[in-house]
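S.K.: I'd like to ask you about the structure that follows.
The values are calculated or read from the model by the stated rules, or taken from the named source; none is laboratory data. On a predicted model such as this, the values are computed, not experimentally measured, just so you know. Backbone-built Cβ (ideal geometry, glycine too); neighbour counts: all protein chains shown.
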Amino acid sequence: MERYDAVIVGGGPAGSTCAWRLRRAGFEVLVLDKQVFPRDKVCAGWITPAVIETLHVDVEEYRQGRVFQPITGFLVGWIDGLATETRYGRPVSYGIRRCEFDHYLLARSGARLRLGEPVRTLDRTDQEWLVNASIRTPLLIGAGGHFCPVARFLGAQPGGGEQVIAAQEIEFEMSRQQARACRVAPEIPEIYFCDDLKGYGWCFRKGDFLNVGLGREDTHRLAGHVSAFSQFLKRRNRIPQDTPERFKGHAYLLYGHAPRKLLDDGVLLIGDAAGLAYPQSGEGIRPAVESGIIAAEVILAAGGDYRRENLEAYRRRLMGRFGERGKMEVPHLFSSGLKQFIGKRLVATRFFSRHVILDRWFLHSHQPVLSTRR
Ligand SMILES: Cc1cc2nc3c(=O)[nH]c(=O)nc-3n(C[C@H](O)[C@H](O)[C@H](O)COP(=O)(O)OP(=O)(O)OC[C@H]3O[C@@H](n4cnc5c(N)ncnc54)[C@H](O)[C@@H]3O)c2cc1C
């Protein structure tokens, strides 16, 4: 029987960040993930500078042999309609590949790793958790994404009435010929809203890798929307005509849509397991990283007594940072209020595109960086 101060289920950005922070405080931490890293994760791989800053990523070291694409502007418009370009003249985001980024963070965390091992059983015994009948811990952290087994243990029912965002994407390395035919500039990703405002598609070039995808608030006919979007990009000659159509899908919750229980005695949920992605853009890496840090700080402050009341500070700090769940009036892109509120023309105007869609909803430039001790 092995015993750890904390066991984290899931080695994505939420889990690896929490592990990294706890390890630096001297905790013995085990991260368990059902996949072997480096692993792929369905994601556009776009991160804001706040993520790099909070994680103290050494960019010069990171970019050695890995994709790290500065983004200095965006093209924003409608599928089959007008688009407007915004340039910032400085990097306002970065493009990474999740197989590289997640592997880097997990290796850097310093945690003990059990990879390729799914959580099969979870039991609560006498103020301890028993994981897979072989690992004991007083503290269990659910970071297993939308379908996290710890979230299920706490009552979440993925696929059972939760309002999710469904998305599909493809990422592939372009041949030399495809790279020549691709009109998407690496530093200017393109975002196109669906006609009914229920979602948006993107195409994003990271060096020679091309990422194309689309996410929507309704799960019906997603494949049809994705295929129509891909055809639109090809008609406009934005992407190579032979771009494959092997799209992979995933679903996840947006903050404010998520009724999940965040904590209980000796257990916390972080990242997608808790349903924290920004409602306006669907960006989930920053909330995953920040929730990992906040959870670790609350755990450290609890001083070894992980009764629910001592972990409540986690909920309060999340609400303080991301807003009150259930009571939020978020002007997110998928809300019906917004559909009535803004006209189609607004999206393609330079002012709205830059100051509302990009600065506020996608870049969260109004939200200060969550600072952490080095
Ligand atoms: C199509 C798409 C595009 C996106 N694009 C962006 C983007 O550009 N930028 C952005 O910020 N966000 C984006 N997101 C959201 C982002 O991917 C997630 O919010 C983010 O990955 C959440 O991180 P996490 O660590 O909580 O979970 P994950 O990254 O999902 O990690 C969860 C880990 O848990 C493991 N796991 C699951 N079940 C088990 C189990 N039973 N036992 C053990 N391990 C388990 C998994 O193998 C996985 O490694 C996108 C999402 C989608 C679907």
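S.K.: For Arg221, which of the numbered conditions (1) at pLDDT below 90; (2) in contact with a strand residue (DSSP E or B) (Cβ under 9 Å, 6 or more places away or on another chain) fails to hold?
M.R.: Evaluating Arg221 over (1) at pLDDT below 90; (2) in contact with a strand residue (DSSP E or B) (Cβ under 9 Å, 6 or more places away or on another chain) leaves (2) as the failure.
S.K.: Identify, from the list Ala156, Ala181, the residue that is small (Gly, Ala, Ser) and modelled with pLDDT of 95 or more.
M.R.: Matching residue, one of Ala156, Ala181: Ala181.
S.K.: Could you grab me the full set of residues in the stretch 150-163 that are within 10 Å of the ligand (Cβ to nearest atom) and either surrounded by fewer than 20 Cβ atoms within 10 Å (Cβ to Cβ) or on the phi > 0 side of the Ramachandran plot (or both)?
M.R.: If the condition is that a residue be within 10 Å of the ligand (Cβ to nearest atom) and either surrounded by fewer than 20 Cβ atoms within 10 Å (Cβ to Cβ) or on the phi > 0 side of the Ramachandran plot (or both), then Arg152 is the only one that fits.
S.K.: Now a separate question. What's the total number of residues in the stretch 110-143 that are loosely packed, with under 14 Cβ neighbours inside 10 Å and either among the charged types (D, E, K, R) or in contact with an Asp or Glu (Cβ under 7 Å, 6 or more places away or on another chain) (or both)?
M.R.: Summing the residues that are loosely packed, with under 14 Cβ neighbours inside 10 Å and either among the charged types (D, E, K, R) or in contact with an Asp or Glu (Cβ under 7 Å, 6 or more places away or on another chain) (or both) in the stretch 110-143 gives 4.
S.K.: Pick out the one residue from Gly304, Gly271 that is more than 8 Å from the ligand (Cβ to nearest atom) and either surrounded by fewer than 22 Cβ atoms within 10 Å (Cβ to Cβ) or under 10 Å from the mean Cα position of the chain (by Cα) (or both).
M.R.: Being more than 8 Å from the ligand (Cβ to nearest atom) and either surrounded by fewer than 22 Cβ atoms within 10 Å (Cβ to Cβ) or under 10 Å from the mean Cα position of the chain (by Cα) (or both) holds for just one of Gly304, Gly271, which is Gly304.
S.K.: Keeping to the stretch 164-187, report how many residues are within 16 Å of the ligand (Cβ to nearest atom) and either among the basic types (Lys, Arg) or over 18 Å from the mean Cα position of the chain (by Cα) (or both).
M.R.: Residues in the stretch 164-187 being within 16 Å of the ligand (Cβ to nearest atom) and either among the basic types (Lys, Arg) or over 18 Å from the mean Cα position of the chain (by Cα) (or both): 4 in total.
S.K.: Also, quick follow-up: Please list, ordered by first then second residue, the pairs with beta carbon atoms under 7 Å, 6 or more apart or interchain, first in the stretch 294-309 and free of Cβ contacts under 8 Å to residues at least 60 places away in the same chain, second part of a helix (DSSP H, G or I) and surrounded by 12 or more Cβ atoms within 10 Å (Cβ to Cβ).
M.R.: Val298/Leu311; Val298/Ala313; Val298/Tyr314; Val298/Arg317; Ala301/Ala313; Ala302/Asn310; Ala302/Leu311
S.K.: Tell me which helices (runs of 4 or more DSSP H) are completely within the stretch 22-138 and hold 1 or more residues being within 11 Å of the ligand (Cβ to nearest atom), or say none if there are none.
M.R.: 49-54, 98-108
S.K.: Moving on. Looking at the stretch 225-237, can you tell me whether even one residue there is within 27 Å of Gly11 (Cα to Cα) and surrounded by fewer than 23 Cβ atoms within 10 Å (Cβ to Cβ)?
M.R.: Checked the stretch 225-237: no residue is within 27 Å of Gly11 (Cα to Cα) and surrounded by fewer than 23 Cβ atoms within 10 Å (Cβ to Cβ).
S.K.: Now for a different question. Which one of these is at pLDDT 90 or above and in contact with a Ser or Thr (Cβ under 8 Å, 6 or more places away or on another chain): Leu311, Leu370?
M.R.: Answer to the check: Leu370.
Okay, residues lined up against (1) of a type in the set (Gly, Ala, Ser); (2) touching a strand residue (DSSP E or B) at 6+ places or on another chain (Cβ under 6 Å); (3) closer than 26 Å to Tyr200 by Cα:
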| residue | (1), (2), (3) |
| --- | --- |
| Leu105 | no, no, no |
| Arg120 | no, no, no |
| Glu128 | no, yes, no |
| Ile135 | no, yes, no |
| Phe153 | no, yes, no |
| Gln163 | no, no, yes |
| Gln177 | no, no, no |
| Val184 | no, yes, yes |
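S.K.: Here are Gly256, Gly292, Gly320: which of them is of a type in the set (Gly, Ala, Ser), under 30 Å from Ile357 (Cβ atoms) and loosely packed, with under 15 Cβ neighbours inside 10 Å? Show your work before the answer.
M.R.: Working: Gly256 fails: loosely packed, with under 15 Cβ neighbours inside 10 Å; Gly292 fails: loosely packed, with under 15 Cβ neighbours inside 10 Å.
Unique residue meeting the criteria: Gly320.
S.K.: Confirm whether Pro240 is surrounded by fewer than 24 Cβ atoms within 10 Å (Cβ to Cβ), at pLDDT below 95 and either in a loop (DSSP other than H, G, I, E, B) or aromatic (Phe, Trp, Tyr) (or both).
M.R.: no
S.K.: Kindly indicate which of Phe172, Phe204 is surrounded by fewer than 17 Cβ atoms within 10 Å (Cβ to Cβ), touching a residue at least 24 places away in the same chain (Cβ under 8 Å) and in a strand (DSSP E or B).
M.R.: On inspection, the qualifying residue turns out to be Phe172.
S.K.: Report yes if Leu197 is out of contact with any Gly (no Cβ under 8 Å at 6 or more places or on another chain) and either of a type in the set (Phe, Trp, Tyr) or within 12 Å of Ile79 (Cβ to Cβ) (or both), otherwise no.
M.R.: yes
S.K.: Can you confirm whether Tyr252 is near the ligand (Cβ under 9 Å from one of its atoms), of a type in the set (Ser, Thr, Tyr) and not in a loop (DSSP other than H, G, I, E, B)? Quick ask: steps written out before the conclusion?
M.R.: Numbers: near the ligand (Cβ under 9 Å from one of its atoms): yes; of a type in the set (Ser, Thr, Tyr): yes; not in a loop (DSSP other than H, G, I, E, B): yes.
The answer is yes for Tyr252.
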